[in-house]
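A.B. asks: This is the structure, below, for whatever I ask next.
Nothing in this text is a laboratory measurement; each read-out follows from the coordinates by a stated rule. Just so it is clear, the model here is predicted, and its values are computed rather than measured. Neighbour counts run over all protein chains shown; Cβ positions are idealised from the backbone, glycine included.
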Amino acid sequence: MRFPSTRSLQALRHAAAGILGLAVLSLSSPQAAAQQLDLEHCICFGDSLTNNDFLGLVYGNPQSLYDKDPFEAMFAKSAPGGATLNSFALAGATSRDLAGQINTYEALEFLFLAPTATLFQIEIGGNDFLDNVQLLGSAAPGQNATADAVVNRVLGRLESALKRLRPRQGVEMVLWTIPDITITPEWLGRLNATQIANIRAHTKRANDRIRMFRGRPRVAVLDFEKLQVAVVNNPPVIQGNPLIPPPSFGDYDDLHADGVHPTAVANALIANAMIDLLNGKFGTSFPFYSAQELADLARF
């Protein structure tokens, strides 16, 4: 069992940003898709939770420990043959970077270098919380204007992004809630009870607002925080073998590959939750990752 440092996380974010720049990841899938939801051209905005391609290099882990990020895993399982996934997500990105990711996509779209989207995904905000752990832990919502401003900025930037993308007719969106950083290996056991309560209260304030978008007909909200808490508190059992929760990390049967990011099997479980969300919201019948596929990722 190993414990990461905050310094290592910061090194990851700076190094990964330098490696990735504004590069675009393009993938193709041979899978068949249901007709109710168009996955022909999927566009991803976010951070290293949805672009994990260089995490192995930065953390010194085999890249197979991470495998596909959740959106990529959903795409691989569900998208039709010839479909494309273009990811503008960047390791280390905060909500401040979201507008720039959209700007880059729209510029490339204008130049016919990126396709017109049929599905957007936005996953952002976790790094805003990681950058302000001590501040958010110092006061509950409403008690410190500077701490409240961190959450307000995340929500404001997220809502601005949605307003930009919403006018595109017939384009669906997947929106993530913000993770609970207090139960990651990076921070588990390093915060006192008051800090944990305050950070979770700020997370709840942000996510309660994000969850309100569930009522929009073309927006599906992946409640990542709820899923994260559920699997950490009650780790899934796959073919008789339980996955290992924090503080453990770094093995294929752990929930975390490093101090923050999910393992390959955890990413596939998140993808299954996303597939279930899309099937329920849009009436699709996309297949799930099977118990055998999950067991293979966990190296059982």
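A.B. asks: From the residues in region 184-206 that are of a type outside the set (Ser, Thr, Tyr) and surrounded by 22 or more Cβ atoms within 10 Å (Cβ to Cβ), which one is nearest to residue 132 (Cα to Cα)?
C.D. replies: Out of the qualifying residues, it is 199.
A.B. asks: Collect the residues in region 138-154 that are within 15 Å of residue 200 (Cβ to Cβ), of a type in the set (A, V, I, L, M, F, W, C) and surrounded by fewer than 16 Cβ atoms within 10 Å (Cβ to Cβ), keeping them in residue-number order.
C.D. replies: Within region 138-154, none qualify.
A.B. asks: Now a separate question. Search region 262-278 for residues that are without any contact (Cβ under 8 Å) to a residue 24 or more places away in the chain and closer than 14 Å to residue 293 by Cβ and pair each with any residue that is among the aliphatic types (A, V, I, L, M) and surrounded by 24 or more Cβ atoms within 10 Å (Cβ to Cβ) when their beta-carbon atoms are under 9 Å apart and the residues are at least 6 apart or on different chains.
C.D. replies: Cβ pairs passing all conditions: 272/74.
A.B. asks: Let me ask another. Are any residues in region 204-243 under 18 Å from residue 264 (Cα atoms), in contact (Cβ under 8 Å) with a residue 12 or more places away in the chain and in a strand (DSSP E or B), and if so, which ones?
C.D. replies: Correct list: 238, 241.
A.B. asks: What is the one condition in (1) touching a helix residue (DSSP H, G or I) at 6+ places or on another chain (Cβ under 7 Å); (2) assigned to a helix (DSSP H, G or I); (3) buried (at least 19 other Cβ atoms within 10 Å of the Cβ) that residue 105 does not satisfy?
C.D. replies: So residue 105 meets the others, but not (1).
A.B. asks: Here's a follow-up. What number of residues in region 105-126 are hydroxyl-bearing (Ser, Thr, Tyr) and within 15 Å of residue 172 (Cβ to Cβ)?
C.D. replies: Residues meeting the conditions: 2.
A.B. asks: Tell me which residues, restricted to region 48-88, are among the acidic types (Asp, Glu) and in a helix (DSSP H, G or I).
C.D. replies: 72
A.B. asks: Please verify whether residue 281 is surrounded by fewer than 20 Cβ atoms within 10 Å (Cβ to Cβ) and without any contact (Cβ under 8 Å) to a residue 24 or more places away in the chain, treating the condition exactly as stated.
C.D. replies: no
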